[in-house]
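Trainee: Below: one structure in structure tokens.
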Amino acid sequence: MKERINFLTISLAAILAMLLFIPLPILLFKILYVADFLLAGAICLIGIISAIKKANGKPTPYLLLYFSLFTLALNINSARNILLFAKGEIGEIPIIPKVIDELFSFGFAQGMLLFAAIVTLTFFSFSIPNKNYAENIKETLRFCRGTLIAHILLYIAITLTACFIAHFSNGVAFLESLKLYLSYSTAQCFLFFIPLTVCGVGIAFLKWGE
């Protein structure tokens, strides 16, 4: 078992290195995002089934750690698309599917409210106290909350960086570029909060099922 965990850790480290330093083709990025979403769904199902059957099975700390790191690394890799967009190389924005793009087109205020609600729900899901959690699960959930904060900081950094690039490289007024890139950055971050929320719901069920 220990050898298997070590193998998974080494494999994950290799994937994270690829995600952080190698620009991914659009198709590969979409495949990895689907894999990330499936992993979140698996964690959610484990939590729901364990709660319904009142079983002892819980998502292992390793599974939660792998999921959190993988999602964050995928978000960091996708951020380059926003920066390319700011430089004028528009093309396709693969990190923002049409459904997400349309989600924020019905009204910026409504989109931001929905985004804030998703962020709040995700924090709430990972923050529910449970005295029956093993200590390693508690520590892992603290790490998960840390990754949520990292997603938010990345969201702020990418938005501001894109605005400065557009302003100094293309001469676009800062407020005008902020209006454009804030919606794209929000949609990008929203894309990664969806699997995080799915995972959090599974964790929350462990508490509600007791």
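Trainee: Write down the accessible area per residue of the stretch 119-205 in Å², having rolled a 1.4 Å probe over the full set of protein chains.
Mentor: For the stretch 119-205, the per-residue accessible area is 44 Å².
Trainee: Follow-up. Placing one identical point scatterer on every Cα of the stretch 112-210 and ignoring solvent, what is log10 I(q)/I(0) from the Debye formula at q = 0.15, 0.17 Å⁻¹?
Mentor: The computed values of log10 I(q)/I(0) come out as -0.66, -0.77.
Trainee: Follow-up question, since we're still on this one. Volume per residue, Å³, of the convex hull around the alpha-carbon atoms of the stretch 129-170?
Mentor: Measuring per residue, one finds 43 Å³ for the Cα hull of the stretch 129-170.
The values are calculated or read from the model by the stated rules, or taken from the named source; none is laboratory data. What you are looking at is a predicted structure, and each value in this text was computed from that prediction instead of being measured. Note: accessible area is taken over every heavy atom of the protein model, side chains too, but ligands, DNA and RNA are not part of it. Shrake-Rupley method; radii C 1.70, N 1.55, O 1.52, S 1.80 Å.
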